[in-house]
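Asks: Got a structure for you, questions after.
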Amino acid sequence: MESVESFRARAREWLASALPRLGAPAADQGGAGDDDEDWDRARELQQRLHAGGFAGIAFPAEYGGLGLAGEHQKAFTEESAGYEMPLLLNVPTFSICAATILDCGTEEQKRDRIAAAIRGDEVFVQFLSEPRGGSDLAGVITRAERDGDVWVLNGAKIWSSSAYAADWALCLARTDWTAPKHRGLTMFLMKVHQPGVTIRRIRQVNGSTEFCEEFFDDVILPADAVVGEVNGGWAVASRQLFHERMAVGGGSPYVSGQGQRSRIGVSRDFLALARSAGRAADPRVRELIGESRAMHRVHEQLIDRISGAIASGQMPGPAGSITRLFHAEVEWKDADIGVEIAGSAAVTDPLGAAGPGQYGQHFLSRQSSSLGGGSTEMARNIISERLLGMPREFAADRDVPFSEVRQGRS
Ligand SMILES: Cc1cc2nc3c(=O)[nH]c(=O)nc-3n(C[C@H](O)[C@H](O)[C@H](O)COP(=O)(O)OP(=O)(O)OC[C@H]3O[C@@H](n4cnc5c(N)ncnc54)[C@H](O)[C@@H]3O)c2cc1C
């Protein structure tokens, strides 16, 4: 295997010749994923990475990757700071969906889908959450029924990030209503755009229309759409949630480039903000800047410590909930600090990439970091039950056939 230093040197040279330099901070790059243009651009950049031999760094070579280590990916990510990268593809395409297919998919699914994503030809989405709630994932009521050689899918999903722009989805559906809730589920790898699938875009308070909801009416899925075992979907979903926690909390070896896509590109340069607001000498403001920097430093250290411990087996997979939780804490803190330093300009200034108005707009989506990737309350449950060994939460529906579980007001 090529040494990390040699790989880093090659990457540095290639990046300078092949990718556009960013004028703005890395957090501002790549668009929010609201437009087809953002996605076309991400696919194009991914195709450039692939042509240059720097795509899918930590994915195995037999599925289109480079078969290198997480350290190589980390070196590439460091070198790529300051260049335009296809960050939109990091989450969920590579770090969650492709990673889950790699762990649980058939040879064909791995060969076809992972390789297509690495080439920049395909984008993936997660069809997990439903209108009845996302935290109780094992309680999904979207159903798939066997009909001869195929499955017939009916139901609805919601909060699917950029489903409109995606090609394939990992969709969790109930396939056995007589089994207790965790044991009657199957994961399907399905085409997003096909007969019977209706996609609607959801407008959020900040104007974003990136979230989607989907309705399935007699969607036909071939038998080979199943990922893992029929009625063994909870094992696949659990793996997917593991990768989601790693992706959201930081520490996934499949994320390439600095940061995830930014729903709203907001600069974290609070010193620049304080200077432009004429408040750089204010002791309270200086304290806030220090607090943000300390939180980011701790987060970075935590990511290294926890992802290293999970990789070496010193900590179990659910430990990813610690970084997932801390990620939300950092995001909340930054959202609050941005508004506090910007002051009233956060809400009175016109929206723009560089002005203080961006902090007001960012504040509107402050809470999303505590829900996306599983809620922080659920992360706390996982930490208490699976890491600290505290008693499990009571669940009246645990061993009951799902058809007998009361739903809603029934
Ligand atoms: C930015 C973002 C991106 C997302 N992307 C996707 C995506 O691509 N695909 C997808 O399928 N979903 C996606 N989601 C949905 C996300 O997974 C859900 O929002 C999340 O799982 C919570 O589900 P919910 O919103 O339905 O809240 P609910 O499950 O209804 O929960 C409501 C509140 O009750 C709390 N709660 C629920 N159960 C418990 C419990 N047992 N103990 C303690 N507290 C509890 C929750 O923490 C939450 O605060 C995304 C969400 C966001 C914000």
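The values are calculated or read from the model by the stated rules, or taken from the named source; none is laboratory data. Model, not experiment: these values are computed from the prediction. All Cβ positions, glycine included, derive from the backbone under ideal geometry; neighbour counts span all protein chains shown.
Asks: Give the residue, chosen from I306, I220, I289, that is in a strand (DSSP E or B) and of a type in the set (A, V, I, L, M, F, W, C). Even if it seems obvious, please write down each step before you answer.
Replies: Numbers: I306 fails: in a strand (DSSP E or B); I289 fails: in a strand (DSSP E or B).
Testing whether each residue is in a strand (DSSP E or B) and of a type in the set (A, V, I, L, M, F, W, C) leaves just I220.
Asks: One residue is enough: does the range 177-190 have a residue meeting the conditions in contact (Cβ under 8 Å) with a residue 12 or more places away in the chain and within 12 Å of the ligand (Cβ to nearest atom)?
Replies: Of the range 177-190, the ones in contact (Cβ under 8 Å) with a residue 12 or more places away in the chain are 177-190.
Within this subset, residues satisfying the condition of being within 12 Å of the ligand (Cβ to nearest atom) are none.
So far as the range 177-190 goes, no, none of its residues is in contact (Cβ under 8 Å) with a residue 12 or more places away in the chain and within 12 Å of the ligand (Cβ to nearest atom).
Asks: Out of the range 77-98, which residues are within 14 Å of S252 (Cβ to Cβ) and of a type outside the set (A, V, I, L, M)?
Replies: Pass one, the range 77-98, residues within 14 Å of S252 (Cβ to Cβ): 77, 87, 89-98.
Once the filter is applied, which keeps residues that are within 14 Å of S252 (Cβ to Cβ) and of a type outside the set (A, V, I, L, M), the range 77-98 yields T77, N90, P92, T93, F94, S95, C97.
Asks: With the condition being modelled with pLDDT of 90 or more, within 12 Å of the ligand (Cβ to nearest atom) and in the same structural domain as S292 (by TED's automatic domain parsing), I'd like the helices (runs of 4 or more DSSP H) fully within the range 340-410 carrying at least 2 qualifying residues.
Replies: Values: elements: 345-348, 357-364, 376-382.
Counting at least 2 such residues, we get 376-382.
Asks: So is Q301 surrounded by fewer than 19 Cβ atoms within 10 Å (Cβ to Cβ), in contact with a Gly (Cβ under 9 Å, 6 or more places away or on another chain) and over 15 Å from S252 (Cβ atoms) or not? Before you say what the answer is, go through the steps one by one.
Replies: Numbers: surrounded by fewer than 19 Cβ atoms within 10 Å (Cβ to Cβ): yes; in contact with a Gly (Cβ under 9 Å, 6 or more places away or on another chain): no; over 15 Å from S252 (Cβ atoms): yes.
No; evaluated as a whole, the condition is false for this residue.
Asks: Go over the candidates A272, A281 one by one and state the one that is modelled with pLDDT of 95 or more, among the small types (G, A, S) and out of contact with any Gly (no Cβ under 7 Å at 6 or more places or on another chain). Lay out the reasoning, then the answer.
Replies: Working: A272 fails: modelled with pLDDT of 95 or more.
The unique qualifying residue is A281.
Asks: Next question, about the same structure. Please find, within the range 142-175, the residue that is farthest from the ligand (Cβ to nearest atom) out of those that are in a loop (DSSP other than H, G, I, E, B) and crowded, with 17+ Cβ neighbours inside 10 Å.
Replies: Applying the first criterion (in a loop (DSSP other than H, G, I, E, B)) to the range 142-175 yields 142, 148-149, 162, 166-167, 175.
Now drop any that are not crowded, with 17+ Cβ neighbours inside 10 Å, which leaves 142, 162, 166, 175.
Values: T142: 11, S162: 8, A166: 9, T175: 18 Å.
Per the criteria, the residue is T175.
Asks: While we're on this one: Across the range 336-362, what is the total count of residues that are without any contact (Cβ under 8 Å) to a residue 60 or more places away in the chain and over 20 Å from G23 (Cα atoms)?
Replies: So the answer is 10.
Asks: In addition: Any idea which of S292, S252, S321 is closer than 28 Å to T209 by Cβ, touching a helix residue (DSSP H, G or I) at 6+ places or on another chain (Cβ under 7 Å) and of a type in the set (S, T, N, Q)?
Replies: Working: S292 fails: closer than 28 Å to T209 by Cβ; S321 fails: closer than 28 Å to T209 by Cβ.
None of the others qualify; the one that does is S252.
Asks: Now a separate question. On the basis of being in a helix (DSSP H, G or I), away from the ligand (no atom under 14 Å from the Cβ) and exposed (fewer than 14 other Cβ atoms within 10 Å of the Cβ), does A294 make the cut? Explain how you work it out, then say what you get.
Replies: Numbers: in a helix (DSSP H, G or I): yes; away from the ligand (no atom under 14 Å from the Cβ): yes; exposed (fewer than 14 other Cβ atoms within 10 Å of the Cβ): yes.
It is true that A294 is in a helix (DSSP H, G or I), away from the ligand (no atom under 14 Å from the Cβ) and exposed (fewer than 14 other Cβ atoms within 10 Å of the Cβ).
Asks: To continue, here is another question. Quick one: A116 ticks every box in (1) surrounded by fewer than 24 Cβ atoms within 10 Å (Cβ to Cβ); (2) near the ligand (Cβ under 10 Å from one of its atoms); (3) within 20 Å of the chain's Cα centre (by Cα) except a single one, so which number is it?
Replies: The number of the failed condition is (2).
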